[in-house]
Amino acid sequence: MYRPIPTDNEIILDSKKYIVSQTNPQGFIEYGNDYFIEISKYTEQELLGKPHSIIRHPDMPKIVFKMMWDRISKGQNIMALVKNLAKDGSFYWVVTEFEPKRDALSSQIVSYTAFRRAAPRDAIEEITPIYKELVKLENTGGMEASEKYLRDFLESKNMTYDEFIDETVQNKGMFKVFFKAMKKMFH
């Protein structure tokens, strides 16, 4: 799979627009809204059928994606701050929340829909050094080292991951309403 070379060019997202994508249970893209296609700089044909990791930025710790997949594969929601990589090497920050869709008869998960919007600047500034440390630890000690660091970090704050992200992105008011509205619209 083609991997663009990351640049220092940040794409600033429109706070009034949202990105939606849907994958099958294995993480292959089945749908992306127009804003997702525009921001990722891929064509719809280049995205459909590809692993969602096509937009994974190397600055993102693997432990964050492991946590996301562990949770959503059990049908549980998770919110995360994610730095994504566009086709031209640019990057963009989002707050992502997931919604699993289950088969009405078997209750098996048949797809995941991700709802994303622009990440608050102060949240990006807070999470960036943490992610840098997690990536550094993954490169030297593997994912176990980054998981231990993250666990110790959260324990030092006396918070769960969800509480930390909620506080960091200020998941309240209209921000919280947005994700609820998106889930209703696409469910």
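The values are calculated or read from the model by the stated rules, or taken from the named source; none is laboratory data. The shown structure was predicted, so the numbers you read here are calculated from the model rather than taken from an experiment. No Cβ is skipped: glycine too gets one built from the backbone with ideal geometry, and neighbour counts run over all protein chains shown. These area figures cover heavy atoms from the full protein model, side chains too; ligands, DNA and RNA do not enter into them. Shrake-Rupley method; radii C 1.70, N 1.55, O 1.52, S 1.80 Å.
A few remarks follow.
- For the range 1-79, the helices (runs of 4 or more DSSP H) that sit wholly inside it and include 3 or more residues that are in contact with a helix residue (DSSP H, G or I) (Cβ under 8 Å, 6 or more places away or on another chain) and closer than 25 Å to PHE164 by Cα are 62-72.
- Total residues in the range 140-165, condition open to solvent by 40 Å² or more (accessible area, probe 1.4 Å), at positive phi and either touching a helix residue (DSSP H, G or I) at 6+ places or on another chain (Cβ under 7 Å) or part of a helix (DSSP H, G or I) (or both): 0
- Candidate set from the range 76-94 (those that are touching a Phe, Trp or Tyr at 6+ places or on another chain (Cβ under 8 Å) and at pLDDT 95 or above); member that is farthest from GLU126 (Cα to Cα): LYS87
- Criterion (among the polar types (S, T, N, Q), out of contact with any Lys or Arg (no Cβ under 9 Å at 6 or more places or on another chain) and under 26 Å from PRO120 (Cβ atoms)) met by exactly one of SER15, SER73, SER53, SER40: SER53
- ILE11 vs. criteria under 26 Å from ILE109 (Cβ atoms) and open to solvent by less than 60 Å² (accessible area, probe 1.4 Å): no
- Check on THR168, assigned to a helix (DSSP H, G or I) and either in contact with a Phe, Trp or Tyr (Cβ under 8 Å, 6 or more places away or on another chain) or in contact (Cβ under 8 Å) with a residue 40 or more places away in the chain (or both): yes
- Among residues of the range 77-94, those that are out of contact with any strand residue (DSSP E or B) (no Cβ under 8 Å at 6 or more places or on another chain) and open to solvent by 10 Å² or more (accessible area, probe 1.4 Å), counted: 2
- Number of residues in the range 40-72 that are surrounded by fewer than 16 Cβ atoms within 10 Å (Cβ to Cβ) and touching a strand residue (DSSP E or B) at 6+ places or on another chain (Cβ under 7 Å): the value is 5.
Table: residues versus (1) modelled with pLDDT of 95 or more; (2) open to solvent by 20 Å² or more (accessible area, probe 1.4 Å); (3) in a strand (DSSP E or B); (4) not β-branched (Val, Ile, Thr).
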| site | (1), (2), (3), (4) |
| --- | --- |
| THR96 | no, no, yes, no |
| GLU99 | no, yes, yes, yes |
| LYS132 | yes, yes, no, yes |
| GLU138 | yes, yes, no, yes |
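- The set of residues in the range 3-34 that are over 21 Å from MET68 (Cβ atoms) and either in contact with a strand residue (DSSP E or B) (Cβ under 8 Å, 6 or more places away or on another chain) or in contact (Cβ under 8 Å) with a residue 12 or more places away in the chain (or both) comprises PRO4, ILE5, THR7, ASN9, GLU10, ILE11, ILE12, ASP14, SER15, LYS17.
- Conditions (1) in contact (Cβ under 8 Å) with a residue 12 or more places away in the chain; (2) surrounded by fewer than 18 Cβ atoms within 10 Å (Cβ to Cβ); (3) basic (Lys, Arg): number failed by ARG117: (2)
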